[in-house]
1. Note down the Stokes-Einstein diffusion coefficient of region 15-208 in µm²/s, whole number, using a Kirkwood radius over alpha carbon pairs, 25 °C, and 0.890 mPa s.
2. For the charge dipole of the chain, defined by +1 on Lys and Arg C-beta atoms and -1 on Asp and Glu C-beta atoms about the Cα centroid, which residue among SER423, MET597, VAL137 has the Cα displaced farthest towards the positive pole?
3. Between MET455 and GLU215, take the C-beta separation as r, use R0 = 41 Å, and let me know the FRET efficiency to the nearest 0.05.
4. Return an integer: the convex hull volume of the alpha-carbon atoms of region 1-118, in Å³ per residue.
5. Using a 10 Å cut-off around each Cβ, can you sort TYR444, TYR283 from fewest to most neighbouring Cβ atoms?
6. Quick one: what does P(r) look like for the chain with 20 Å bins over all Cα pairs, in whole %?
7. Rounding to the nearest 10 and keeping the result within 0 to 90°, find how far the Cα-based axis of helix 591-601 lies from the longest principal axis of the chain.
8. Quick check: net charge around VAL366, other residues with Cβ under 10 Å of its Cβ, Lys/Arg +1 and Asp/Glu -1?
Amino acid sequence: MTPDAPVGARRDVSRLVIYALWDRRGAVDDYVLFALEALRSHATRIVVVANGSLIPEAHAKLDRVADDVLVRDNVGFDIGAHKAGLEHVGVDIARFDEVVLTNDTWFGPVRPFGPVFDRMAEQPVAFWGMADHPQQVPNPFTGDGVLPYHLQSFWIAVRPEMFLSAAWKAYWRDLPELVSIQDAILLHEATFTRHFAEHGFAHAAAFPASDYPSEHPALFNADLLIDAGCPLLKRRPFLHWPPFLDRHAVIGRWVMEAAERHGYPVHLAWQSLARNVEPRVLYTDAAMHHVLSHRDAGYDPTRPFRIAALLHIFYVEMTDEMLDLVDTLPGTYDLYVTTPDAQKAAEITAVIDGRPREGRTVDVRVVDNAGRDQSAFLIGCRDVILDGGYDLVVKLHSKKTPQDGHNVGRHFKSQQFGNLLPSAGYAANVLAMFQKEPGLGLVYPPMIHVGYPTMGRGWWSNKPGFEEYCRTLGIHVPLDEISPLAPYGSMYIARPEALRLLVEHRWTHEDFGGAEAYRDGGLAHILERMPSYVAGELGYHTRTVATAEYTSISHTSMQFNFDQMSATIPGDSVERIMFIKQAGYVGQGRLRDFVRMYFGLHPRVGRRLGWMIDPSNRLVRVATRLTRRR
């Protein structure tokens, strides 16, 4: 039985569904179509209202699952869309026994709609919601007053005694302009329930918060809601600010596993989230890091991948070591090697010839070294990646990093090689991840931090150029704030299709410049950070992998460093981070920096005395000189 089957559903109810959606590309994700197809069994008429725009392909898809598709300006959020949908239906609303106002902020159905519709049909109420929120004092949005009890607006079902009333018409007629999200909450969602209750209309929640151990079960107890039969899974546990979810121990991975256990095709969720959530936020909320065993625990050899191993070898003496890595791959693979000159190509070819592997083809190519491994991959191997002959590509390069010192360079190479293909069993487990998830686009080691100050600095000076190339390549995935989710070290295993936007672009060696251009802000460093965003645009998500050995080293180091940096700041992670953000950048710890930080923490004082941190102010210059002398 599929999760959208109308189990026990009453078929004598005439139901109107008004579904609001918004997509930054004017597209429609597959999870929306899945939801609307499931609602089709329970709806007499479905009206979809798209805020913003719809490309023709998206409009055609919606036409197949909805009776009416409206496109309007993106104003008023989903509330404005619901109002537009009601106006579109007009007096025909009297034909229905129930009107459902809902939107695209949930995945589902995770459990069947039918039992919920049947159960709520027995409730003697004029309107009902899927979930509710208890009263809060003070109001968390204003800092004072009361946030009243309310049904959550992502699903409100209304019956004729209410939607044919004068109070209903007056409410929508007098609805104030909603400019911000806070307006939408305070002027509609938080007041809708109380407003109609005061007009004498009874209401209920299908899954009331009073039955769960939090005031917001749709966010904090989503797995319990699913187990109780709730058909909707809110998107919020996979896109909310990670420190906030950490504060409440919300584990997105467990929530999605609960949905999968009940039959929901979770690849639909991952596809949409990859396209619309900052990759590092999604990666963190969904706990997309995996510690893999050296023992094969699930690879299916009857479904092998066609694999191209793409190795850029500058240091010929590392050839054997790199072949050892790709030889851990189960089955056969084709080997493509790029190197900067003919002499190195001959030496590499001799090494390869000395260790033949059955079923493997070999192609050694001499390429321009401008752009190093990035240009070798995107230009030197462009034909291999785009020809459609391979299911996976393995990107490796000979890494020494001598400029960073022996220990740091040795660790960085080990962190890359040792967490990607360290053994045959481990390699099989990596490939099994791709077998299990058709939407998995990339796998690579986690962010390097031992030996490098990457944490908090992952963008370095690359973000402006990154944004420019996103516009060029048509990437609309939101960018992470502090550090991008990226294969630092530039080694990974990927589906060629997930990289298509990056590889199709006609890069040239001139784009990369000479050796002096290989620095932060240069094209090579920008491209190092781009794969997960390119993949996300195409609906593919990213996971990282590491051995238990490396994870034990990385975790203890990171834990100690975080402990040290947290020691002087009060509160939990949320409060510490907000304190630091409000204070702003420490700079060089000069008097002017500390004055600016003080004003950041005390904005009222800052507004009155902000002239003091003006670098052109003579008093500031004198105070700075005196401080330095002391």
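Every read-out reported here was derived from the displayed coordinates using simple, explicitly stated rules and does not represent laboratory data. Keep in mind the model is a prediction, meaning the values are calculated, not measured. For neighbour counting, all protein chains shown are included, and Cβ atoms are generated from backbone atoms with ideal geometry for every residue, glycine included.
1. Values: Rh = 17.2 Å.
Approximately 143 µm²/s, per Stokes-Einstein.
2. The listed residue farthest towards the positive side: MET597.
3. Details: r = 33 Å, r/R0 = 0.82.
Rounded to the nearest 0.05, the efficiency is 0.75.
4. Cα-based convex hull of region 1-118, divided per residue, equals 95 Å³.
5. TYR283, TYR444
6. 16, 44, 31, 9, 0
7. Orientation of helix 591-601: about 30 degrees from the principal axis.
8. Local charge sum for VAL366: 0.
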